[in-house]
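Below you'll find the structure, written out as structure tokens, and then a few comments.
The values are calculated or read from the model by the stated rules, or taken from the named source; none is laboratory data. Values in this document were obtained by computation on a predicted structure and should not be read as measured data. Please note: Cβ atoms are built from the backbone with ideal geometry, for glycine as well, and neighbour counts cover all protein chains shown. The protein model used for the area step is the full one, side chains on, heavy atoms only, and it has no ligands, DNA or RNA in it. Shrake-Rupley method; radii C 1.70, N 1.55, O 1.52, S 1.80 Å.
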Amino acid sequence: ESFKQIVETIRADMNQRSDARDLAITRSRELIRQCAECIRAIHRQEWSMADIKLGQIQTIATSLHSNLAPYPDLYHAGYTQDALKELVEAYTTYAIIRDQPLPTPEDLNVPSATYLNGLAEAATELRRFILDIMRQEIYHNSEAERLLGWMDAIYDELVAVDFPDAITNGLRRQTDVVRGVLERTRGDLTNSLRQQQLQEALLRLEQRLPTSKESA
């Protein structure tokens, strides 16, 4: 009887864990979806929608934390941390684009490694904003320079985080991705600036040259 009671207790615990895991997977998927929709709204500069999405993201994340509080192992599982990484990406991208203070890991209630990986993904998102600016403005733009400065700053800090992957959850690979995106973006902006300078020089030259009537 004692042995059967032990097994029944274990079975009940596993049932609870299984239910918590299923709910965590569902919440994580929903969190990832809402974060993607938030970032899409940010790219479109639909700030009211982005604010709504951030509120929904926070509600789901709070529920996720609450449900997994008794199960730290499930909280630190890959699918949970991947979802929280997307949360960091959404919040930090929003803050950088809107030129607001960057939220801290404590503000977002996420582990340090998850925060850094989310910040790395936010840095890669900035490239898309810079390219959008270059397409819309045609040439070099101070806002694009500001965003490139953020990409540079994020990379400089990430590359200095020298810990094993077991501690950083694969941050080194993410940092390498940021470096590649940063180099391409810097090259695009440099070419844009040179093109702008060339066109301005040609315009000044054209203004100095006499017209056909003046030549006659």
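The table below gives the values:
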| read-out | value |
| --- | --- |
| Check on Ala41, surrounded by fewer than 19 Cβ atoms within 10 Å (Cβ to Cβ), more than 26 Å from Ile167 (Cα to Cα) and at pLDDT 95 or above | no |
| Wholly within the range 46-108, helices (runs of 4 or more DSSP H) carrying at least 2 residues that are at pLDDT below 95 and over 30 Å from Asp132 (Cβ atoms) | 47-68, 72-75, 78-97 |
| Those residues of the range 92-101 which are touching a helix residue (DSSP H, G or I) at 6+ places or on another chain (Cβ under 7 Å) and either free of Cβ contacts under 8 Å to residues at least 12 places away in the same chain or surrounded by fewer than 14 Cβ atoms within 10 Å (Cβ to Cβ) (or both), in sequence order | Pro101 |
| Complete set of residues in the range 148-186 that are at pLDDT 90 or above, of a type in the set (Asp, Glu) and either touching a Gly at 6+ places or on another chain (Cβ under 6 Å) or open to solvent by 90 Å² or more (accessible area, probe 1.4 Å) (or both) | Glu157, Glu183 |
